[in-house]
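Q: Dumping the structure here so I can ask a few things about it.
The values are calculated or read from the model by the stated rules, or taken from the named source; none is laboratory data. Here the structure is a predicted model, which is why all the values come from computation and not from measurement. We place every Cβ from the backbone using ideal geometry, glycine too, and count neighbours over all the protein chains shown. In case anyone asks, the SASA skips ligands and DNA or RNA and just uses the protein heavy atoms, side chains included. Shrake-Rupley method; radii C 1.70, N 1.55, O 1.52, S 1.80 Å.
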Amino acid sequence: MRPRLPGLAASLAAFGLLGSLVTGCGTEGSSGTTVRLVVPEYGDGPATSSKAYWDKLAAAFTAAHPGKTVEVTLLPWADVDREVTRMVDEDRAPDVALMGAYSDFAAQGRLYSADEVLSIRAEANFLAPLKEAGTVDYTLYGLPFVASSRLLFYNKDLFHKAGAEPPRTWSELKTAAKALKREGVSYPYALPLGPEEAHAEALIWELSNGGGYTDNTGAYSIASAQNTQTFRWIRDNLVAPGLTGPVAPARLNRQDAFAAFLRGEVGMVNGYPSLLHQAEAKGMKVGTLTMPVADALRGKEAPPSAGVADWMMAFKHDGNRELVGSFLDFVYEDKNLNEFAGRYHLLPSTVSATQTSRDAASDPDAEQFLTALRTASLYPVNDPSWLSVSDTIKRNIGKAVDPAADPKQVLEGIAQKVRDTTQED
């Protein structure tokens, strides 16, 4: 979902955009008048840096709450999880942080619950699947900020030249990919199972066959029969026939797949709203579809799309609860949330903001992403082990589609590593 472009941290550091926007986000405790906020950089250069948004928001909050200020530390996405964890370990946790996971801090008792810091209206306003993913033991700790759902993108011009039809099932996807390959398309279907974000692509495919990372009880089910069937199908029907392009899926990262798509070298790829915006800005004709389903599911209730969210969390400090609550209620006002989501072509996390989103009102494609998000399935971020589990998946799941591999053995190997991790926890 979020931008992690090559060289982003270096380029932003060179322009002085990383680090504290206002100095001081490292002091212990809370002054009761200053919110210490740590956030990641969503932009891809000085012109799109998140600094402008947070500067404006901080000034507006102070104007609305005289005597109250916001100190913002802006970090690269690659560093924010690690740096916040380090701050917490050193008893220097910020008042509020925005990052990719929250449940390990909730398990440590470090976070305020939503009902302790948000108004009743704000707490009730989150989209249902996001609220569910932010809940641990029936209590909301992870406050979803912006989100995205994943849809299948296809290059309309390449499809037209190949005489291919938009696919609704796996077999139709294979047929379209074969037609694209005959036309000389480098990546008929780009399959990014490299370590950058393999867990997202894998989840998309698992869901399209009725599987996923967890079962109905919430327990990990990585090596389920459905998931094994999914990766075996991908191996035999896409990878082995050479329909996934010149780079092995285990070495193809998401950003590389997206860059190839924007160059017109990809027939199909799973993407999110910002990629669609980039493609349309280049004049590309792009179609979007929900992920094609396994043929056995055709005609049945459609499985959920994959969704991703980034999480706000409020850390407990003596004397900061009222101030943090005021700040978070301000952050989640529709105009503020929509301004950030619109800036980066992401989706707001609340019911009221999605209803007033300018992008959704004017762009049918944006509405399609919102529709998918309302019933999406998210990563099991409410499990404190998810950070380590997702890392194991990212580093290993691509092996399951290697033509020489046994998907069942690969998935069982990942499942065993996950069991070892969760037992240690």
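Q: For the stretch 230-254, which residues satisfy the criterion of being part of a helix (DSSP H, G or I), more than 22 Å from Leu289 (Cβ to Cβ) and not acidic (Asp, Glu)? First the steps, then the outcome.
A: Step one: list which residues in the stretch 230-254 are part of a helix (DSSP H, G or I), which gives 230-239, 249-251, 254.
Cutting the leftovers down to more than 22 Å from Leu289 (Cβ to Cβ) gives us 232, 235-236, 250-251.
Matches in the stretch 230-254: Arg232, Arg235, Ala250, Arg251.
Q: Would you be able to say whether some residue in the stretch 288-295 is touching a Lys or Arg at 6+ places or on another chain (Cβ under 6 Å) and within 22 Å of Leu203 (Cβ to Cβ)?
A: Yes, the conditions are met somewhere in the stretch 288-295.
Q: For the stretch 372-409, name all the residues that are open to solvent by 30 Å² or more (accessible area, probe 1.4 Å) and over 22 Å from the mean Cα position of the chain (by Cα).
A: Lys399, Asp402, Pro403, Ala404, Asp406, Lys408, Gln409
Q: A further question on this structure: Output the residues belonging to the stretch 255-281 that are assigned to a loop (DSSP other than H, G, I, E, B) and touching a helix residue (DSSP H, G or I) at 6+ places or on another chain (Cβ under 6 Å).
A: none
Q: Follow-up question, since we're still on this one. Looking for whichever is closer than 23 Å to Glu196 by Cβ and either modelled with pLDDT of 90 or more or not hydrophobic (A, V, I, L, M, F, W, C) (or both) here; the options are Ser31, Ser49, Ser20. Which one fits?
A: The match here is Ser49.
Q: Report yes if Val80 is touching a helix residue (DSSP H, G or I) at 6+ places or on another chain (Cβ under 9 Å), in a helix (DSSP H, G or I) and either open to solvent by 10 Å² or more (accessible area, probe 1.4 Å) or of a type outside the set (Lys, Arg) (or both), otherwise no.
A: On the way: touching a helix residue (DSSP H, G or I) at 6+ places or on another chain (Cβ under 9 Å): no; in a helix (DSSP H, G or I): yes; either open to solvent by 10 Å² or more (accessible area, probe 1.4 Å) or of a type outside the set (Lys, Arg) (or both): yes.
When the stated conditions are applied, Val80 does not pass them.
Q: Could you please give the count of residues in the stretch 193-213 that are touching a residue at least 40 places away in the same chain (Cβ under 8 Å), within 14 Å of Met291 (Cβ to Cβ) and assigned to a loop (DSSP other than H, G, I, E, B)?
A: Number satisfying all stated conditions: 4.
Q: Just name the residue that is nearest to the chain's Cα centre (by Cα) out of those in the stretch 226-243 that are open to solvent by 30 Å² or more (accessible area, probe 1.4 Å) and within 15 Å of Ala202 (Cα to Cα).
A: Here the answer is Gln226.
Q: Sticking with this structure for a sec: Applying the selection to the stretch 120-140, what residues are more than 18 Å from Val308 (Cβ to Cβ), open to solvent by 50 Å² or more (accessible area, probe 1.4 Å) and of a type outside the set (A, V, I, L, M, F, W, C)?
A: Within the stretch 120-140, Arg121, Asp137, Tyr138 qualify.
Q: Checking Ser326 against (1) surrounded by fewer than 20 Cβ atoms within 10 Å (Cβ to Cβ); (2) closer than 23 Å to Glu132 by Cα, only one condition comes out false. Which one?
A: (2)
Q: Hey, could you check the stretch 127-143 for residues that are touching a Gly at 6+ places or on another chain (Cβ under 7 Å) and in a strand (DSSP E or B) and say which is farthest from Tyr332 (Cα to Cα)?
A: Leu140
Q: Before we move on, is Pro188 touching a Gly at 6+ places or on another chain (Cβ under 8 Å), within 22 Å of Thr230 (Cβ to Cβ) and not in a loop (DSSP other than H, G, I, E, B)?
A: The answer is yes for Pro188.
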